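These notes concern the structure reproduced below.
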Amino acid sequence: MCGIVGYIGKRGATELLIEGLHRLEYRGYDSAGVAVMNGNGVETRKAAGKIVNLEEALSANPVHGDLGIAHTRWATHGVPNECNAHPHIDCKGNVAVVHNGIIENANVLRAELQKHGHTFVSETDTEVIAHLIEEAFDGKLEDAVIEALWQIEGTYGIAVVSSLDPDKIVAARKGSPLLIGLGEGEYYVASDVSAILAQTREVVYLDDGDVAVLTRNGYTVLDQRAQQLERQVSKIDWDLDQIERGGFDHFMLKEIFEQPATIENCMRGRLLPEEGTSKLGGLNMTDDELLSIDNIVITACGTSWHSALIGEHMIEDLCRIPVEVEYASEFRYRNPIINERTLCIVISQSGETADTLAAMREAKQRGARTYGIVNVVGSTIARETDGGIYVHAGPEIGVASTKAFTSQVMALLLFTLKLGRLRSLGVIRGREIIEKMQELPKQIQEVLDRAPEIEKLADEFKDEVNFLYLGRGYNFPTALEGALKLKEISYIHAEGYPAAEMKHGPIALIDERMPVVFIAPHDSVFDKLMSNVQEVKARGGRVLAITSRAEPDLKGKADYEFQIPETIDLLTPILASVPLQLLAYYIAVKRGNNVDQPRNLAKSVTVE
Ligand code: AGP
């Protein structure tokens with residue numbers, strides 16, 4: 001996740017900015033930079049990779065001043081390199097901007113500015129802001145920033161400095177957190193209180209639409225008509241460790257609770273509700289090329305393989321094209337049938353998983369076009385696939401994947417809409433699906449609000465030694481994912497199975513010591529699943545049902561029940577996964593495990 005820190009006062013800005021950036025490292029980033037007013041103008045120093053690279057650039061070519069801004073970048077547009085690192089400047093180097101968020105109309109604005117003679121050097125959406133301010137500047141920096149912001153669609157948290165109006169920092173927020181820190185004759189701006197907690201515990205949280213002007217004599221907060229606003233001063237009593245996890249006990253829990261926002265971000269700017277389809281900037285395939293595809297292979301590992309199975313259902317159901325899902329580790333050593341009409345979709349949160357990377361290269365070598373569904377921008381898989389979509393889930397610190405998984409499913413649905421509407425999917429069905437997609441963030445929040453109910457359930461199951469997770473159709477992969485979540489952080493053995501497979505062996509396992517989790521939303525296979533519930537109950541098994549409404553069928557059958565909001569079949573895996581993530585999390589915590597770094601596991605398996 002990107003990080004912002006700014007300082008204006010009487011001390012050396014560079015050192016304070018670097019210290020603030022170090023405090024933001026935990027959020028994940030891939031490049032960093034500073035802009036400092038050195039008495040003659042704005043000087044920027046930037047570096048790809050870790051902050052230590054930026055420190056080396058600064059020691060080789062120091063910049064001194066008592067006013068500046070800095071940024072750690074988690075790339076969303078443009079690969080993570082020095083050129084794309086923030087701060088970004090205008091044509092003459094008089095304005096420097098750091099930005100968190102996504103500008104949806106950046107391409108349109110860039111084209112207009114280029115028509116007015118502006119030259120761009122980066123691939124980022126952010127650089128547009130510097131040129132808009134340059135274009136609008138007419139004496140006061142805050143006025144130029146406000147004028148620029150009126151033209152922007154999307155989200156931002158920004159900090160701006162300029163040699164044209166050199167004794168101030170202007171900051172603004174819309175959809176991306178930003179706050180001001182209050183010192184003695186010195187002021188700070190930051191995207192996260194951890195960046196400035198070592199300097200001050202008095203902060204002013206900005207609201208969406210606020211524009212803040214910081215000088216050495218104080219600060220003012222304006223609305224976007226430059227009218228002054230009053231904002232409350234808050235006292236921070238958290239310690240740094242708590243802040244880095246956003247007040248949550250673990251990164252995994254924080255990331256589970258981020259899912260309303262991450263699902264929103266995955267859809268942002270990619271839906272065409274009227275046409276009932278999606279727009280995918282990174283597809284890099286014409287409609288004709290897409291239509292020439294007559295088979296799809298999806299390859300991945302672990303949780304990403306589970307989202308692949310859901311994608312298989314979606315694509316075959318809505319696009320009527322054959323899909324094969326392959327474990328990357330198997331695919332790379334088989335002699336798969338691949339040709340130039342094959343599209344190989346490669347799913348990876350990290351974009352660095354060795355088996356998945358090798359499988360992608362094998363598919364490419366055999367003539368397939370490759371399409372990456374990746375979270376980490378600029379990762380190897382993202383760079384080597386012919387096209388792709390970033391899931392925009394932000395850094396996933398917890399080893400057990402949660403928000404990346406649900407965003408992978410969302411990204412697969414965006415692809416399915418695009419391909420389906422070129423083939424046999426009608427506009428009405430496409431619109432219905434999009435309408436249900438847009439309800440998801442709120443529905444996920446409804447589930448999260450009931451997390452205490454799941455924590456109570458965890459007390460019932462924390463000492464078990466085996467679990468079965470059963471589902472059908474779209475929720476067979478959900479069962480696999482629920483089982484993986486539990487086993488990888490609680491170390492309890494858990495298996496996911498197609499519910500109908502029970503009678504072909506696993507039913508021998510059922511007795512009163514075997515808890516069975518049924519993923520049983522009210523979908524097209526609900527009635528079939530009820531007979532599986534009865535099979536388990538008849539043999540003394542204990543049943544926890546994740547279902548979508550109080551059903552007479554379930555009364556007296558399930559020992560425990562958790563209801564998720566109603567939605568269409570293909571979206572039930574996203575909603576049903578949230579209680580399963582929470583169940584695994586709370587059981588693991590109650591067993592005293594290291595939830596964020598479970599034993600034997602790595603966040604990215606970069607070895608075979
Ligand atoms: C999921 O919780 C695990 N951490 C693991 O299965 C992971 O999904 C797998 O290693 C694939 O990683 P990737 O998505 O980064 O390629």
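Kindly establish whether Arg45 is over 30 Å from Lys603 (Cα atoms) and assigned to a loop (DSSP other than H, G, I, E, B).
In short, no.
Determine whether Thr286 is touching a strand residue (DSSP E or B) at 6+ places or on another chain (Cβ under 9 Å) and either within 16 Å of the ligand (Cβ to nearest atom) or more than 26 Å from Gly101 (Cβ to Cβ) (or both).
Considered against the rule, which asks whether it is touching a strand residue (DSSP E or B) at 6+ places or on another chain (Cβ under 9 Å) and either within 16 Å of the ligand (Cβ to nearest atom) or more than 26 Å from Gly101 (Cβ to Cβ) (or both), Thr286 comes out as no.
For (1) crowded, with 19+ Cβ neighbours inside 10 Å; (2) out of contact with any Asp or Glu (no Cβ under 6 Å at 6 or more places or on another chain), each residue gets a yes or a no:
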| site | (1), (2) |
| --- | --- |
| Ser59 | no, yes |
| Pro62 | no, yes |
| Asp66 | yes, yes |
| Ala70 | yes, yes |
| Ala75 | yes, no |
| Pro87 | yes, yes |
| Asp90 | yes, no |
| His99 | yes, yes |
| Val108 | no, yes |
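In the list Glu566, Glu495, Glu535, which residue meets the criterion of being acidic (Asp, Glu), outside any loop (DSSP other than H, G, I, E, B), away from the ligand (no atom under 16 Å from the Cβ) and farther than 18 Å from Asp459 by Cα?
Glu535
Can you pull out every residue in the range 307-353 that is of a type outside the set (S, T, N, Q), over 17 Å from Tyr371 (Cα atoms) and either assigned to a loop (DSSP other than H, G, I, E, B) or within 10 Å of the ligand (Cβ to nearest atom) (or both)?
Arg320, Tyr333, Arg334, Pro336, Ile337
Right, Met410: buried (at least 24 other Cβ atoms within 10 Å of the Cβ) and away from the ligand (no atom under 12 Å from the Cβ) or not?
Yes; evaluated as a whole, the condition is true for this residue.
All but one of (1) part of a helix (DSSP H, G or I); (2) at pLDDT 95 or above hold for Arg383; state the number of the condition that does not hold.
(2)
Among the numbered criteria (1) part of a helix (DSSP H, G or I); (2) in contact with a Gly (Cβ under 6 Å, 6 or more places away or on another chain); (3) closer than 17 Å to Gly302 by Cα; (4) within 13 Å of the ligand (Cβ to nearest atom), which single criterion is violated by Phe405?
Among (1) part of a helix (DSSP H, G or I); (2) in contact with a Gly (Cβ under 6 Å, 6 or more places away or on another chain); (3) closer than 17 Å to Gly302 by Cα; (4) within 13 Å of the ligand (Cβ to nearest atom), the lone unmet condition for Phe405 is (2).
With respect to Asn284, is the statement that it is assigned to a loop (DSSP other than H, G, I, E, B) and under 23 Å from the mean Cα position of the chain (by Cα) true?
Here the answer is yes, as Asn284 does meet what is asked.
Between Arg429, Arg421, Arg383, which is closer than 25 Å to Glu25 by Cα, touching a residue at least 12 places away in the same chain (Cβ under 8 Å), more than 13 Å from the ligand (Cβ to nearest atom) and of a type outside the set (Phe, Trp, Tyr)?
Arg383
Out of all the residues in the range 386-396, which are away from the ligand (no atom under 13 Å from the Cβ), in a loop (DSSP other than H, G, I, E, B), crowded, with 20+ Cβ neighbours inside 10 Å and at pLDDT 90 or above?
Selection gives His392 alone.
Exactly one condition in (1) within 16 Å of the ligand (Cβ to nearest atom); (2) under 20 Å from His306 (Cα atoms); (3) surrounded by 15 or more Cβ atoms within 10 Å (Cβ to Cβ) is not met by Val516; state its number.
(1)
If I filter the range 360-372 for residues that are within 15 Å of the ligand (Cβ to nearest atom), touching a residue at least 40 places away in the same chain (Cβ under 8 Å) and surrounded by fewer than 23 Cβ atoms within 10 Å (Cβ to Cβ), do I get at least one hit?
no
Is it true that some residue in the range 186-194 is assigned to a helix (DSSP H, G or I) and within 30 Å of Pro573 (Cβ to Cβ)?
No; the residues of the range 186-194 include none that is assigned to a helix (DSSP H, G or I) and within 30 Å of Pro573 (Cβ to Cβ).
Of the conditions (1) out of contact with any strand residue (DSSP E or B) (no Cβ under 6 Å at 6 or more places or on another chain); (2) within 11 Å of the ligand (Cβ to nearest atom); (3) not hydrophobic (A, V, I, L, M, F, W, C), Thr356 clears all except one; give me its number.
Among (1) out of contact with any strand residue (DSSP E or B) (no Cβ under 6 Å at 6 or more places or on another chain); (2) within 11 Å of the ligand (Cβ to nearest atom); (3) not hydrophobic (A, V, I, L, M, F, W, C), Thr356 violates only (1).
With (1) closer than 27 Å to Glu258 by Cα; (2) in contact (Cβ under 8 Å) with a residue 60 or more places away in the chain; (3) outside any loop (DSSP other than H, G, I, E, B) as the list, and His22 as the residue in question, which single condition is left unmet?
His22 satisfies every listed condition except (2).
Evaluate the following for Val399: is it surrounded by fewer than 24 Cβ atoms within 10 Å (Cβ to Cβ) and either within 15 Å of the ligand (Cβ to nearest atom) or over 20 Å from the mean Cα position of the chain (by Cα) (or both)?
yes
The values are calculated or read from the model by the stated rules, or taken from the named source; none is laboratory data. Just so it is clear, the model here is predicted, and its values are computed rather than measured. Here Cβ is always computed from backbone atoms with ideal geometry, including for glycine, and neighbour counts include all displayed protein chains.
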